1. Can you pull the percent of Cα pairs in the range C:14-153 with separation above 21 Å?
2. Between A:L148 and B:W254, what FRET efficiency comes out of the Förster formula 1/(1 + (r/R0)^6) with R0 = 56 Å and r the beta carbon distance, rounded to 0.05?
3. Helix-only mean residue ellipticity at 222 nm, chain C, DSSP H runs n ≥ 4 weighted -39,500 (n - 2.57), per residue, nearest 500. What is it?
4. If you average the alpha carbon positions of the range A:52-74 and of the range A:243-276, how far apart do those two centres end up, in angstrom?
5. So what's the net charge close to B:A114: Lys and Arg +1, Asp and Glu -1, counting the other residues with Cβ under 13 Å from its Cβ?
6. Which whole-number percent gives the relative contact order of chain C, counting Cα pairs below 8 Å spaced six or more residues apart?
7. Provide the descending list of Cα extents for chain A along its principal axes, expressed in whole angstroms.
8. Let me know the shape class of the range B:1-99, please: from the alpha-carbon gyration tensor, a ≥ b ≥ c as square roots of the eigenvalues, rounded when a/c is under 1.5, otherwise prolate if a/b is greater than b/c, or oblate.
Amino acid sequence: MSEELLINKHSTGRHILHILHILGRPLHQAATNWWAIFILFGQTLSRLPRASCWRREEIILAIVSSGVGSLPIVVVSTAFAGIVITNEIAWHMDTALHTVSMIPGFTGQFIIRELGIAIPAFLLASKVGAATTAEIGSMKVTEQIDALRLLGIDPVTYLVFPRFIASMISSACLTLIAIAVTLLCAITMAVLRYHFSVLEYLNALRHFIGMSDVLCALVKGIVFGAIIPVIACGYGLQCEGGAEGVGTATTNSVVSSTIAVIILDFVLTYLFMSVF
Amino acid sequence: MRLFLQKLGHQALHELGDLALFAGKILRTTLSTHGNMGPVLSQVASISLRSLSTVAFAGVFVGAILVLQFNVILAKYDAQSFLGGLNTSALIRSVGPLIISFLLAGKIGAYTAAELGTMRVTEQIDAIECLGTNPIQYLIVPRFMGIVISSVILLALGLLISVTGSMVVANYSAGINFLQFASSIPKFISIGTFLGGMFKSITYGTIVALVACHKGYTASGGARGVGKAVTLAAVYTNLYIVIANYLTSEILSWLESLSHYFNLLAGGPT
Amino acid sequence: MSIRFESISKSFGPKTILNNVTFEVSKGEILFILGKSGVGKSVTLKQIVGILKPDTGKVYVDDEDVTTASQNALADIRKKCGMVFQHPALLDSLTVLENVAFGLRTSRAPLSEAEIRQTVLEKLALVNLGPDILQSKPTEISYGMQKRVSLARTLAPAPSYLLFDEPTTGLDPITTNFVNDLIFDLSRKLQVTSVVVSHDMACALKIADKILVLDQARILAHGSVAEIKKSREPLIQSFLSEMLAEPTESLAPRTEGPGIPA
């Protein structure tokens, strides 16, 4: 390819074409990937009403591996996060406003509105996303997916759909657990280091937080739980090229999931703000 | 229960030990070989360029999310004037280094683990060793240094984009114009803030680099092994960064109180 | 001048791969290590160059102890032993020229670019590849060509021992014959000692001087081709009878090479 373009290397037109070609290939690749994922999403959703697709053992297995398997790291991460966020907010309140009374309310709100949702989402995107893409990717390059199709088994029903349902359930649960653990550690920190009482903290929470906030958190959790497995499976099913292909697909899947979570977080935050 | 915890403890020690030994090898090789900056610089360029779009994208949106959330919360205290400073400070001090490291871990860490893992399972690393070259020097050191240096560069760029994005969103959606936004910044930010952010960035970058290189280098088992290496790299990096976040925050706040103390001693303003 | 294994034992976790294995490879000899998959043939080979270390026992290359060698001594031993891996193991980011030249760039007496290029062309010619692929990347050439390039790369530093890990696995019959003839010719012409790990019994009977059969972590048989053919061990007899059931080529041992087919 590049040899042909170098023949007329003095022509600026050729230069521009060359640059477009270099930029174009990854863009084209990205566009192809995203289109395939979009289609996969549609295919997965179309299986929702079909009772035969709801295979309980597969779904429970997927919940155990993705949800329960991620539980330790979510708990540990959110515990530390709760401690750190309290310290950070305390520092900000102290430095600029010279008052610490806002800590419980501010921290509590931030945790429920953002932190407690974002942390499990990012962890799921990287852990479950990577594991799923790696697993399905290696199945693809060792021709197991083709074997399934030849046996009359639809990969979307057999592989993607259970993970889709399981991930939404796991994500919702993990989000609630994450919020609880973060709050717990934040309260502990506030009590131990900044001399609040648990009652004060809980009062502040009751004042500022309502059911709508918890509902928003749950919805965000479910949405994130919905897109991550679809992106992961999408990259896995498109994987090709042996060991190297599996590696590339896994990397791209993690990055895409993370970006998708960030963008959706923004969109949902904006939407909820306008609605409530 | 006790057995489970014991097993967990053993695993943790094993893992940390392996990592420490690997880090030692990298350090020894870096120090003993005469500084050949060529491969390192080319890695820095490649890594920074590849991550730029991701960091820029994420930076804008993360800044936007923080602005929206902080605005809502501050409104309840009637303290919206502090939005600019709070947002910028939060970005530089904690959110910026954290998000950039997560992205770095995802894009570059996973890629490095995959690349090295593939080389390992196709025996390329053995071949390099048999042909008389030290694979740590040839493969690992440039990538390691490349990632660490890039993390600082990407932090600077990411913060710039993030703050700009925040300002724009604040202006159009929260009704805080650019001047108001900027005026509250000096209240929250000092040189220490930037140094703290950089310190965190370098620490997290080192974690990403170390874990990614280690998991890739020790991969085994064909295509499956490469996938496993990438997954392990992703998981462990996140875990260590979370713990490091806590530790670095503690260290920085301790340093801050120390500097306050010295200021007091010197009789200067607090 | 030889390779010696003394009481080597190696386990991976609960699985014992080698148990008290002792044997010797004489200079200029072609030794084939045969056995079922997973029996420890590659492990044995990798211990010669120190990529794997045995749990107990010692490995000597030219009377130097590989198991306790320092980094520098190990580097010297590796210069003497050229290893051809199961996978082509070419570095994907380098051209064929750079790959073959890889082992030449680390020598203590640095060679000029022209000398390096000359050596690369020579070695590629030995494996019947021309200068047209010099600038190609490994992903752009066929698997068979990659394996030949990988052989050229190993030959470039002119080692005195050649270690082959399943050199003909996954190759078509024509290239398989070519590689087998090449191993034989190189050993005779360059006076190189070759250790070949393989499942290919037919190939072993054709070109080996000595055959070593591993089974269940120990040496089942070690001797010349004639001795192996007369062996009473059931495993060896079943290997032999499998082959005799479908003869694909003459089993008469080679005594001299016909030269490299064009």
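Here, each number is a calculation from the coordinates, and none is a lab measurement. Small disclaimer: the values here were computed from a predicted structure and weren't measured. Glycine also receives a Cβ, built like all others from the backbone with ideal geometry; neighbour counts cover every protein chain displayed.
1. Tail of P(r) above 21 Å: 54 percent of Cα pairs.
2. On the way: r = 57 Å, r/R0 = 1.01.
So the FRET efficiency works out to roughly 0.50.
3. Values: 9 runs with 92 residues, N = 262.
Using -39500 (n - 2.57) per qualifying helix, the result is -10500 deg cm²/dmol.
4. What the calculation gives is 21 Å, centre to centre.
5. Numbers: positive: B:K107, B:R120, B:R143, B:K215, B:R224, B:K228; negative: A:E244, B:E115, C:D92.
It works out to a net charge of +3.
6. About 25 percent, as a whole number.
7. 72, 58, 35
8. Judged from the Cα gyration tensor, the range B:1-99 comes out oblate (a/c at least 1.5, b/c at or above a/b).
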